[in-house]
1. Does the range B:36-51 contain any residue that is in a helix (DSSP H, G or I), facing chain A (nearest Cβ under 8 Å) and of a type in the set (F, W, Y)?
2. So B:A95 clears everything in (1) at the interface with chain A (Cβ under 7 Å from one of its Cβ atoms); (2) within 21 Å of the chain's Cα centre (by Cα) except one condition, right? Which one?
3. Mind telling me which of the residues B:L16, B:L69 ends up being modelled with pLDDT of 90 or more, within 11 Å of the chain's Cα centre (by Cα) and crowded, with 22+ Cβ neighbours inside 10 Å?
4. The conditions are (1) closer than 19 Å to B:F17 by Cα; (2) buried (at least 20 other Cβ atoms within 10 Å of the Cβ); (3) more than 7 Å from chain B (Cβ to nearest Cβ), and A:L62 fails exactly one of them. Which is it?
5. I'm told A:K102 meets every condition in (1) surrounded by 13 or more Cβ atoms within 10 Å (Cβ to Cβ); (2) over 19 Å from the mean Cα position of the chain (by Cα) except one. Can you identify the failing condition by its number?
6. Exactly one of these conditions fails for A:E105: (1) within 28 Å of B:F51 (Cβ to Cβ); (2) modelled with pLDDT of 75 or more. Give me its number.
7. Starting from the range A:158-174, take each residue that is more than 7 Å from chain B (Cβ to nearest Cβ) and list its partners that are buried (at least 16 other Cβ atoms within 10 Å of the Cβ) and hydrophobic (A, V, I, L, M, F, W, C), counting only C-beta distances under 9 angstrom and pairs at least six apart or across chains.
8. Is it the case that the range A:85-97 has a residue that's within 25 Å of A:T52 (Cβ to Cβ) and modelled with pLDDT of 90 or more?
Amino acid sequence: MNSIASILALSVDAQTVPAVLFYLFAGISAASALGVVLSRNIVRTAVCLLFTLVGVAGLYFLLESEFLAAVQLVVYVGGTLILIVFGVMLTSKSPFSRFEPKAGEVVVAIAACIILFAALVMAIRSADFRPQTLDTTQKYPVVALGQALLGDYLVPFELASVVLLVVMIGAAYLAKSRKRDDKRAVARGAATLSQKARQWS
Amino acid sequence: MDPLALQHYLAVGAILFVIGLIGFVTRRNLIVMFLCTELMFQGVTINLVAFGRYLNNDLGGQAFTIFVLVIAAAEASLALGLVVLLFRQKNTLDADAWRELKG
């Protein structure tokens with residue numbers, strides 16, 4: 001952080017640079033999260049989610065979880081977002097096709113969410129967190145993270161591998177059953193075509 | 001107060017979670033609803049990492065964030081497969097088209 005300050009040649013102390021970066025990343029992620037919710041174009045929604053994920057990765061960096069930030073960028077931005085874009089492509093009729101709930105439902109939902117947010121903020125402000133001095137002596141937290149994953153958290157680690165196996169089987173099943181649906185859809189389309197031909201003849 | 005305290009990160013997590021929740025209940029597009037669940041995941045994982053960093057100073061928060069990432073990736077593949085299948089059935093992404101699932 002000091003090196004960044006010296007590069008910028010600003011007269012700032014070591015504490016304000018992380019604060020500025022925090023507000024930058026938090027602003028990016030919050031603004032693009034609003035974009036995800038408000039945008040009516042689904043491709044633009046996906047791009048807004050990309051910026052939210054990048055902002056959250058920056059927050060991970062500030063929390064000194066560099067490995068997590070890299071994993072976030074690789075898995076989410078590189079994997080999940082590509083998957084979402086493929087889903088958008090496969091289901092695209094019109095990027096602007098809209099179906100909105102009733103205005104009353106929207107008002108009730110937003111009011112409930114604002115109440116939840118107020119409750120969360122009140123809880124955060126009133127909770128008495130133990131102030132803990134940050135441990136900066138750990139040189140290679142990635143090594144410690146790997147040891148924790150295969151030591152303290154071995155059971156969830158193995159369960160995650162089981163979940164991945166099950167999801168792989170499930171995804172293969174979904175992809176396989178699609179073929180039968182296609183045949184049925186083709187048969188249905190042929191039936192309606194022949195019906196129309198009979199009407200016209 | 002410290003310029004960057006735990007509460008700042010918790011506030012960002014709460015903001016992301018509530019924005020995602022608003023999107024989830026007010027939008028009807030299946031893919032947008034799915035993206036909003038991803039937003040809520042982000043809010044939760046920020047909380048996990050910040051608590052692990054500031055309160056316990058151990059790696060529990062980071063480890064469970066990695067598990068959340070795994071579950072989110074698995075959920076993304078299955079959910080998008082299901083969305084594509086649902087789209088082929090009714091030719092629309094409107095969640096209201098599947099009202100009969102309420103039973």
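The values are calculated or read from the model by the stated rules, or taken from the named source; none is laboratory data. Just so it is clear, the structure is predicted and the values come from calculations on it, not from any experiment. Note that each Cβ is placed from the backbone with ideal geometry, even for glycine, and that neighbours are counted across all protein chains shown.
1. Restricting attention to the range B:36-51, the residues satisfying the condition of being in a helix (DSSP H, G or I) are B:36-51.
Right, trim to facing chain A (nearest Cβ under 8 Å) and you get B:36, B:38-39, B:42, B:45-46, B:49-50.
Next cut, of a type in the set (F, W, Y) only: none.
No - not one qualifying residue is present in the range B:36-51.
2. Condition not satisfied by B:A95: (1).
3. One residue alone meets the criteria, B:L16.
4. (1)
5. Result: A:K102 fails condition (1) only.
6. The failed condition is (1).
7. Close Cβ pairs (under 9 Å, with a partner that is buried (at least 16 other Cβ atoms within 10 Å of the Cβ) and hydrophobic (A, V, I, L, M, F, W, C)) amount to A:L159/B:F67; A:S161/B:V70; A:V166/B:A74; A:M168/B:A74.
8. No, the range A:85-97 contains no residue that is within 25 Å of A:T52 (Cβ to Cβ) and modelled with pLDDT of 90 or more.
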